[in-house]
Amino acid sequence: MRFLAGRLLDLVLVLFGVSVIVFLMIRLIPGDAVAIMLGANTEITPERIAELESRLGLDQPIVVQYFDWISGIFRGDLGTSIWTGRPVAQEIAANIWPTLQLTFLSVLVGAGLAIPIGCFMAEARGKTAEVLVRVGAIAGLTIPSFWLGIVSIFLVAKLMPGSAMLGYVPFGEDPLGNLQRMILPVFALSLPMLANLSRLVRSAMLDALGQDYIRTAKSKGAGRTRVVYVHALRNALIPFITSVGVATGYLLGGAIVIEQVFAIPGLGQLVLGAISERNYPLVQSAILVLTFAFVLVNFLVDILYAAIDPRVSQR
Amino acid sequence: MMAALRRDKLLSFALIFVILQLLLAIFAPIVAGDPIEQVIMSRMQGPSLENPLGTDQLGRDVFARILFGYRTSLLTCGVAVVLALIVGGSLGMLAAFYRGWFDRIVMRIMDVLFAFPIILLAIGIIAVLGPNALSASIAIGVVYVPIFARLLRGPSLVICESEYVQGARAIGASDSRIVFTHLLPNLSSLILVQASLLLSAAILVEASLSFLGLGAQPPTPSLGQMLSEGRNFLLLNPWPAVFSGFAILFLSFGFNLLGDALRDTLDPRLRNSTD
C-alpha cells in the first residue's frame, strides 16, 4: 500500500512537471507570435494584438494563465484551434485513433514476437542460426523505421501492384481494409522494438537459465520446455515488462513519423500541420495528451511490475 | 587471449568504419562535386561513372548530397550530444556532489524531462524555436540531458564516497579540484561509451526530424530530407531514397558498434559476461 501511495505521488509530480513544461513551451515562443497568429491577411494594429492577447489570456499574470489552462484541461477543455475555431479536444479526438491503433498493434507485435525469438537465441546460443538472428537484431536497431517503411512500400508496389497499403480506413467501416493497411506500418514501426526487446529477453534468459533454481527444476525431472518456458521465462520477463513500457514512448514518437510515410491521418499529421500553421494551442495539447498517455502507461507498468515481483514493493 | 583478440578486432573494425565515414564527411568538397548544382539534362539517372550513386529529380548528384548530408547530420548530432553531456553531465555530477535538496530538485526535473516521448519533446522544442539545424541540435540535446544526468549521478555518488576523495577533502582540496581531478577522469570511459551510443541514436532522431521537414532546411542537404524527397519519386527513381537510407543506417550502425566495442574494451568487468 505504501508502495502504491509513493508511486501515485510520483505520478502526480511528474504529470505536474510535464504540464508546466508544455505550458511554458508556448510562452517561450518569440514575441511576435501573436502578430503571426493574426495572419498575413489582416492588418496588424496594436488593438488587434491586444484583442487576441486577451482572447488567449496573455494579459494575465503567468501563474493565473497556468491555472486557467490546467483547470480547463481537467474539464476537458483543451482550448480552441486558432484557424478552424473548433475545440482542440475535438480535433485531437478525430485524429487519435489511427495513432493509438498503430502504436498498440506495434507493441503487440514487437513485444509478442520478442519473447519466442529471445528464448530461441538464448537456447541456441553460439549456433550459426543464432548468430544470424543476433546480427539481424543489431541491424534492426539501427535501421531507420521510416526508411524501412518506404522500402517496403516500394517492394510491395513492384511485386504486388495495386495492393492497398496507404491511407487509413476506420476498423468499424472495413475491418479487413483497415488491417491490410496496417500491415506495413506496423512492420516498419515494430522492427526496432522487436530487435531491442529480443536482445533483452536473450540476456535475461541466459541470466535466468544459469540460476540455481533452474538446476533444481532440472534435477527434479522437469522437461526442457517446462524449464525454459515456465521456470526461466517467468523470471526473465521482469526486466522485459519495464522495457515494454519505455519502448511504448519510442513507438508513440515513431508513429508520428511512420504516419507521414503511409499517409495515415493520425496525430502526427495533425501536429505537423499545426506546426507549419503556427497553431500553437493544438501543438501544445497534442504533446500534452500523448505525454500523459505515455506517463500513465509507465505507471501501470510499474504497478504490474510490483505485482509480479513482490521484492520491488518492499524496497 | 583469443577473446581479447576478437574483441579488439571488433573495436578496430568499428573505428575504421566510423573514421572512414568521418573522413568522407570532412573531405566532402574534395571527394564529391557540388551537392546543390542542378543539371536539368540528367535528372533521375541511375548510378554511372559520372554520378556514382545517380542523380535526383532535380539532376543533383546523390553521392555529393549524401556526403554533405553526413556533414549536416554529424554536426547537428555532435553539437546535440556535447550539449547534453555538458548540461546533463554537470547536473548529474553536481547532484551527486552536493546531495540534499539540490540533488532532489535536479533529479525530479530530469524525471519530468525523461517522461516525454523523445521525438515528441524534440518536435515541441522545434515548434517553439522554428525549424532549422540549430533548433534540431538544441532539441536533441535537451532530450538527452536527463540520460547523461542519470548515467553520471550513480557512479559519481560512489566516487564521492570513496576514500581517496574523502582523503582529498581532508587535505583541503577545493570542490572544483575534486570534480576535475577525481570525478571526471574516473567517469571518462563511461562518458565515451555513452556518447558514442547516443550519437548513434541521435543520428536516427535527426534523420526523423529532417524527414518531417523539421531539421536543416533546403538548400542545405540532409539525409532525412533526401529520403523524404526521394519518396515522392520512388517508382520512377528509387536511388536517392535507397542510398540516403543506407547512409543513415551506416552512420548510426557505425557509432552503435563503436560504443558497444568501446564498452567491452574499457570495462573489464564485462569481459566474461554472457552478452
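Here are a few things to note about the model shown:
- Separation between Cα centres of region A:266-315 and region A:70-113, rounded to whole Å: 10
- Distance between modelled label sites at A:V135 and B:M44, nm, 7 Å Cα→Cβ extension: 3.6
- Virtual spin-label span in nm between B:I191 and A:F104, 7 Å along Cα→Cβ: 4.6
- Per-residue mean of foreign Cβ neighbours for B:200-208 is 4 (Cβ atoms of other chains, 10 Å radius).
- Stretched out straight at 0.36 nm per residue, the stretch from A:A263 to A:E47 would grow longer than its current Cα-Cα span by 73.7 nm.
- Nonlocal amide H pairs with A:T80, under 5 Å, H built at 1.01 Å: A:V88
- Per-peptide average of other Cβ atoms within 10 Å, ordering A:3-13, A:230-240 highest first: A:230-240, A:3-13
- This model, with +1 at the C-beta of Lys and Arg and -1 at the C-beta of Asp and Glu, gives chain A a dipole about its Cα centre of some 1960 debye.
- Note on A:S54/A:V20: beta-carbon distance plugged into 1/(1 + (r/R0)^6) with R0 of 22 Å gives a FRET efficiency of 0.45.
- Cα-based helix-to-principal-axis angle, A:88-123 vs chain A, degrees rounded to 10: 20
- When each of the peptides A:137-146, B:196-205 is scored by how many other beta carbons lie within 10 Å of its residues on average, the order from highest to lowest is B:196-205, A:137-146.
- Take the Cα of A:R125, step 7 Å toward its Cβ, do the same at B:A168, and the gap between the two points is 3.9 nm.
- Remark: region A:208-213, residue by residue, has Karplus-estimated 3J(HN,Hα) of 5, 5, x, 7, 5, 5 Hz, where x stands for each Gly or Pro and the curve is 6.51 cos²θ - 1.76 cosθ + 1.60 at θ = phi - 60°.
- Prolate/oblate/rounded label for region B:184-275 (Cα gyration tensor, a/c 1.5): prolate
- For the protein assembly as shown: rounded, prolate or oblate by the Cα gyration tensor [a/c cutoff 1.5]: rounded
- C-alpha long axis of helix B:239-266 to longest principal axis of chain B, angle in °: 20
- Sequence-separation-based contact order of chain A, relative, with Cα cut under 8 Å and 6+ spacing, percent: 26
- Positive-end residue, the protein assembly as shown charge dipole about Cα centroid, Cβ charges, pick of A:Y305, A:F171, B:F253: A:Y305
- Straight-distance crosslink candidates among lysines, where the alpha carbon sits under 29 Å from B:K9 and sequence neighbours closer than 8 are dropped: A:K127
- Relative contact order for region A:225-315, counting Cα pairs under 8 Å that sit 6 or more residues apart, in percent: 32
- Build a GNM of chain B with springs between Cα atoms under 10 Å apart, and of B:P221, B:P47, B:P35 the one that fluctuates most is B:P47.
- Of the residues A:A222, B:G213, B:A201, the one whose Cα sits farthest towards the positive end of the charge dipole of the protein assembly as shown is A:A222 (charges of +1 on Lys and Arg Cβ, -1 on Asp and Glu Cβ, taken about the Cα centre).
- Cα gyration tensor, chain A - rounded (a/c under 1.5), prolate or oblate: oblate
Read the figures in this text as sums done on the coordinates, not as results from a lab. Remember, it's a predicted structure, so these values are computed and weren't measured experimentally. Every residue, glycine among them, receives a Cβ derived from its backbone with ideal geometry; neighbour counts consider all protein chains shown.
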